[in-house]
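Colleague: Attaching a single structure in structure tokens format; questions to follow.
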Amino acid sequence: MKDYIKVGKIVNTHGVRGCVKCIPLTDDLERFDELEYVYTEKDDQKRQIKDVWSKKGSVYLTLEGIDDMNIAENFRDTYISILEDQLRVLPEDTYYLFDLEGLDVYSTENVYIGKISTIYQTGANDVYEVKSNNKTYLIPAIKDVVKDVNIENKKVIINVIEGLLE
């Protein structure tokens, strides 16, 4: 099984020629313009992107082999994905969300706080939901708090400012 990275969820059809409406799972809608193909979760098929455009935060795709509304309807509520070699190289100190989920979080004093379970994209900054035993913490991903992210060692170091873990 290939390691797919989900980039969108098909939520509806658009028109009668098989176009699908997707909710993007990326914060850069122009990213879809660069893709030549995606994989459809429903049938594990590599499909060429014939046409793509965005409107009001949604992405509309015409995919190879999905030529009418009835076929497109079968893909509703499924995901489209890419492979790792289709990922963009990110600037320094920026990370893919899937790389951060599951990382261990420690304080600058090397005290274990928990594991990143979910990442919320709030607009101003991301917020890491960190779970440990029966506690859940919401950690803002800002420079004053997140001091180091080490993907290789699966570790995030945070500065525990007053009130953060209460």
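Colleague: Quick one: residue 28 ticks every box in (1) surrounded by 15 or more Cβ atoms within 10 Å (Cβ to Cβ); (2) modelled with pLDDT under 95; (3) within 30 Å of residue 126 (Cβ to Cβ) except a single one, so which number is it?
Modeller: Failed condition: (1).
Colleague: From the residues in segment 1-24 that are assigned to a loop (DSSP other than H, G, I, E, B) and touching a residue at least 24 places away in the same chain (Cβ under 8 Å), which one is nearest to residue 75 (Cα to Cα)?
Modeller: Checking each candidate, the answer is 18.
Colleague: Right, another one. Which of the residues spanning segment 29-71 are under 20 Å from the mean Cα position of the chain (by Cα), closer than 18 Å to residue 4 by Cβ and of a type in the set (Asp, Glu)?
Modeller: 34, 36, 41, 44
Colleague: Another one. Report every pair of residues separated by at least 6 positions or lying on different chains whose Cβ atoms are under 9 Å apart, first residue within segment 63-79 and farther than 10 Å from residue 20 by Cα, second in a helix (DSSP H, G or I).
Modeller: Every condition considered, the pairs that remain are 65/71.
Colleague: Same structure, new question: Does at least one position in segment 82-93 carry a residue that is modelled with pLDDT of 95 or more and either over 18 Å from the mean Cα position of the chain (by Cα) or surrounded by 14 or more Cβ atoms within 10 Å (Cβ to Cβ) (or both)? Explain how you work it out, then say what you get.
Modeller: Taking segment 82-93 and keeping what is modelled with pLDDT of 95 or more, we get none.
The answer is no, given that none of the residues of segment 82-93 is modelled with pLDDT of 95 or more and either over 18 Å from the mean Cα position of the chain (by Cα) or surrounded by 14 or more Cβ atoms within 10 Å (Cβ to Cβ) (or both).
This table checks each residue for (1) surrounded by 15 or more Cβ atoms within 10 Å (Cβ to Cβ); (2) in contact (Cβ under 8 Å) with a residue 12 or more places away in the chain; (3) of a type in the set (A, V, I, L, M, F, W, C).
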residue	(1), (2), (3)
107	yes, yes, no
110	no, no, no
119	yes, yes, yes
134	no, no, no
153	no, no, no
164	yes, yes, yes
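Colleague: Out of 17, 76, 47, which single residue is of a type in the set (Lys, Arg), at pLDDT 90 or above, in contact with a helix residue (DSSP H, G or I) (Cβ under 8 Å, 6 or more places away or on another chain) and on the phi < 0 side of the Ramachandran plot?
Modeller: Going through 17, 76, 47 in turn, just one is of a type in the set (Lys, Arg), at pLDDT 90 or above, in contact with a helix residue (DSSP H, G or I) (Cβ under 8 Å, 6 or more places away or on another chain) and on the phi < 0 side of the Ramachandran plot: 17.
Colleague: Give, as residue ranges, the strands (runs of 3 or more DSSP E) completely inside segment 44-115 that count at least 3 residues that are assigned by TED's automatic domain parsing to the domain that holds residue 34.
Modeller: Here the list reads 45-55, 58-63, 78-83.
Colleague: Testing residue 41 on (1) touching a residue at least 40 places away in the same chain (Cβ under 8 Å); (2) surrounded by fewer than 16 Cβ atoms within 10 Å (Cβ to Cβ); (3) within 28 Å of residue 118 (Cα to Cα), one condition comes back false. Which one is that?
Modeller: Here residue 41 meets the rest and fails (2).
The values are calculated or read from the model by the stated rules, or taken from the named source; none is laboratory data. Because the structure is a prediction, the values reported are computed rather than measured. Virtual Cβ from ideal backbone geometry, glycine too; neighbours counted across all protein chains shown.
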